[in-house]
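Reading through the structure tokens given below for one structure.
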Amino acid sequence: MLEAAVILLRWLQYSSAVVLFGAPLFLLHSFGAPAVPNLIQARAALFVAAGVVALGSLAALVAQTAVMAGSLSEAVRPASLSFMVTGTALGMAMAARAGLALLGLAAILAMRPGRALWALTATTGLAVVASFAWTGHGAATDGAGGLVHLTADIVHAAAAALWLGALTALTILLLRRTGPDDLAIHRALDGFSGLGTLAVVLLVLTGLVNSWFLVGPARVMEIGASPYGQLLIAKLALFALMLALAARNRFRLTPALGSALAGGQDPRPAFQRLRHSVLAETLAGALLLAVVAVMGTLAPPSAM
């Protein structure tokens, strides 16, 4: 039961962290003017994301302490929590993550929607995303390759957050679309193409580095023999599905929307197709994060 709670809390933190980093970065990149459409919805999404990261980190701290101490009653003792925070890297990372999320929450409450808030939130989100690598498989690699693996793990997490957080912001824009927003949303779709391409390139390169350390070339043919390897295959399948949806959005659906807007046609059918496709891509990303949350609790083939 406690292990399931740890996985669920990891997924909630992952899902919220990607929004905290990728969504404001998308807004900064895709909109040059201060008048970004649907700012209230974007601000609300960031507020919820920061709150979930803060509460989820604290709850995960208690759950992980319970796993290590053997019971929930022992985990809530101040001495147990204090040891977890001061004596383990996992506890330190969770406490730091909660503090960063609370800082982002205060900024969202105090500042008006705009470039300054998006920049501060994206910076906070990047630190939150990087904190997961602090206690992940990349931080456990010994020897000369340790720094290479940790760096690749951080870049991999940031690239995934960039893609999935931007997708979340784009989904909000499409779901909250109003007529006057049409041209701005089309420009945002074009802007997302550049961010998505950068994210994919970084994900592929760092994924290869991580696989070298976690699986190893000698075990590639036996990857399906372990639970970790089976989940890695599922992760790659979801990644391929997201790539296919992203390519369809970029090369078919977005140009179709542009043609409809330029020709004075009714853009609603084109928006509907885009909305469905982007939502499917976002849901696939959420499922991928769930797979990653489980993988983080398993030993990779290289450790066996």
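The values are calculated or read from the model by the stated rules, or taken from the named source; none is laboratory data. What you see is a predicted model, and the numbers here were worked out from it, not measured in a lab. Heads up, the Cβs are rebuilt from the backbone with ideal geometry, glycines too, and the neighbour counts pull from every protein chain shown. Heavy atoms of the whole protein, side chains included, go into the accessibility calculation; ligands, DNA and RNA do not. Shrake-Rupley method; radii C 1.70, N 1.55, O 1.52, S 1.80 Å.
For the reader, a short list of remarks on this structure follows.
- Number of positions in segment 64-84 that are touching a residue at least 12 places away in the same chain (Cβ under 8 Å), more than 15 Å from M1 (Cα to Cα), part of a helix (DSSP H, G or I) and not hydroxyl-bearing (S, T, Y): 2
- Condition check for A96: hydrophobic (A, V, I, L, M, F, W, C), assigned to a helix (DSSP H, G or I) and under 27 Å from M111 (Cα atoms): yes
- All conditions but one from (1) open to solvent by 40 Å² or more (accessible area, probe 1.4 Å); (2) closer than 16 Å to R10 by Cβ apply to L61; the one that does not is (1).
- Segment 7-31 residues that are on the phi > 0 side of the Ramachandran plot and part of a helix (DSSP H, G or I), paired with ones that are of a type outside the set (K, R) and at pLDDT 90 or above (beta carbon under 6 Å, 6 or more apart): none
- Of the residues in segment 266-285, at least one is more than 22 Å from I172 (Cβ to Cβ) and at pLDDT below 95.
- Members of segment 286-304 found to be open to solvent by less than 20 Å² (accessible area, probe 1.4 Å) and at pLDDT below 90, listed by number: P300, P301
- Residue that is modelled with the highest pLDDT, among those in segment 20-41 that are among the aliphatic types (A, V, I, L, M) and open to solvent by less than 20 Å² (accessible area, probe 1.4 Å): L20
- Residues of segment 119-151 that are hydrophobic (A, V, I, L, M, F, W, C), at pLDDT below 90 and open to solvent by less than 20 Å² (accessible area, probe 1.4 Å): A133 alone.
- There is no residue in segment 102-113 that is modelled with pLDDT of 85 or more, under 24 Å from the mean Cα position of the chain (by Cα), under 21 Å from L8 (Cβ atoms) and open to solvent by less than 40 Å² (accessible area, probe 1.4 Å).
- Considered as a group, the residues in segment 2-18 that are open to solvent by 20 Å² or more (accessible area, probe 1.4 Å) and under 27 Å from A119 (Cα atoms) include one that is farthest from the chain's Cα centre (by Cα), and that residue is L9.
- Count - residues of segment 190-248 that are crowded, with 16+ Cβ neighbours inside 10 Å, in contact with a Pro (Cβ under 9 Å, 6 or more places away or on another chain) and not polar (S, T, N, Q): 8
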